[in-house]
1. Only one residue in A:101, A:162 is more than 10 Å from chain B (Cβ to nearest Cβ), in a helix (DSSP H, G or I), β-branched (Val, Ile, Thr) and within 22 Å of residue A:12 (Cα to Cα), so which one is that?
2. Among the residues in the range A:76-84, are any closer than 18 Å to residue A:10 by Cα, at the interface with chain B (Cβ under 7 Å from one of its Cβ atoms) and touching a residue at least 12 places away in the same chain (Cβ under 8 Å)?
3. What is the number of the single condition among (1) at the interface with another protein chain (Cβ under 8 Å from one of its Cβ atoms); (2) among the hydroxyl-bearing types (Ser, Thr, Tyr); (3) farther than 21 Å from residue B:53 by Cα that residue A:31 does not meet?
4. Determine whether residue B:62 is modelled with pLDDT under 95 and either facing chain A (nearest Cβ under 9 Å) or not in a helix (DSSP H, G or I) (or both).
5. Tell me the residue from A:6, A:54, A:16 that is at pLDDT below 95, under 20 Å from residue A:149 (Cβ atoms) and of a type outside the set (Ser, Thr, Tyr), please.
6. Go through (1) surrounded by 12 or more Cβ atoms within 10 Å (Cβ to Cβ); (2) modelled with pLDDT under 95 one by one and return the number of the condition residue B:37 breaks.
7. If the Cβ limit is 8 Å and pairs must be 6+ apart or interchain, which residue in the range B:66-79 that is more than 10 Å from chain A (Cβ to nearest Cβ) pairs with which residue that is basic (Lys, Arg) and part of a helix (DSSP H, G or I)?
Amino acid sequence: MFFIPGWLIELLTFPGVIVHEIGHRLFCHLTGVPVYAVRYYKFWGKPSGFVIHGPAPTLKAALLIAIGPLILNTLLCSLLTFSAVVPLFILKDSGTAFPDILLMWFGISAGMHAFPSNHDMEGFTDFLLEAGHGDALVMVAQAFALLFKIANFLRVVWFDAIYAVLVAAFLPLMFGLF
Amino acid sequence: MPICKIAAPGGIIMIDDEALGDDAGYQQEHQPLSAASYPLWIIGFGLIVLLAFGYSSLSLPRHVSQARTLARADRLDQAGDYVRAEREYRTLLVGDPGSEAGRLGMAHAIFADSDSKNDAIGLALLQGMRLDKYDWRRLQPVMPLEYEKLFVTQEER
């Protein structure tokens, strides 16, 4: 196991950060929540990206906005890498085209930034508490948030990259290509 | 009403409420972004990715078909049906002569079949290829001994 500084990983996978923020923004628009400001990516920025939006009107909207990146980044990772995985890793084509390498980079970057951040999930559980939802629902949400916290913690052992690779392998496996 | 803030992956950071000031005031001062208003550099970056996706998608059906042929050939090769495996590998390599997986599989089937007259073809298919330890483990048991010395080991860094 080897360690690479987080800022370097974030720099190398910056398209994933951009897609992550677009994921939040997209689901804000889809659920009718106003978006006031977006930072898509800023190197050395703390945070490197964010979305400032108005309050979510419903539980569904709050959930979709929180897990928007999980949906969008995972979908893009799966779709974009599919056409690149086959020539690069299955056929092992010696004349691999640049677009395939670009798609692989973009797709894996998206996959690596798919998990909602701890802050994203805290926002969701805060919404439940403030909106006075039942204890059971809050507990489910907190369990859900805990799962993502664990996933985010496991990034130190490349869990985000493992997730991206698994997502990239999903469609080729479904098509029986391995 | 509170303004919800969502931070980026990798950690982070409530924007301080006091820094934002009164949330209602913030909402009055800041117009919501329209759904279609994205910065030009984001649109440009998206277009490049879209173009790459379009280009790659054009060859996707052919690549999927070739990958299926390869999977079929590998299954036949593993089952010891080398003649049919060679036929499948040949079909793949006619369409995609650059496929190193196809060349490796074909070489394996050629070395493993009972006809040693074709072994030179198997060797030629491997020319210029870099084999990892898994490839080597697969090939070495069936490769004629005199060919083994033609390969050099490159130490991993």
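1. Working: A:101 fails: more than 10 Å from chain B (Cβ to nearest Cβ).
After ruling out the rest, the residue left standing is A:162.
2. No - not one qualifying residue is present in the range A:76-84.
3. Tallying (1) at the interface with another protein chain (Cβ under 8 Å from one of its Cβ atoms); (2) among the hydroxyl-bearing types (Ser, Thr, Tyr); (3) farther than 21 Å from residue B:53 by Cα, residue A:31 fails exactly one: (1).
4. Details: modelled with pLDDT under 95: yes; either facing chain A (nearest Cβ under 9 Å) or not in a helix (DSSP H, G or I) (or both): no.
It is false that residue B:62 is modelled with pLDDT under 95 and either facing chain A (nearest Cβ under 9 Å) or not in a helix (DSSP H, G or I) (or both).
5. Details: A:54 fails: under 20 Å from residue A:149 (Cβ atoms); A:16 fails: at pLDDT below 95.
The conditions single out A:6.
6. Exception for residue B:37: condition (1).
7. Every condition considered, the pairs that remain are B:76/B:84.
The values are calculated or read from the model by the stated rules, or taken from the named source; none is laboratory data. Bear in mind the structure is a predicted one, so any value in this text is a computation, not a measurement. All Cβ positions, glycine included, derive from the backbone under ideal geometry; neighbour counts span all protein chains shown.
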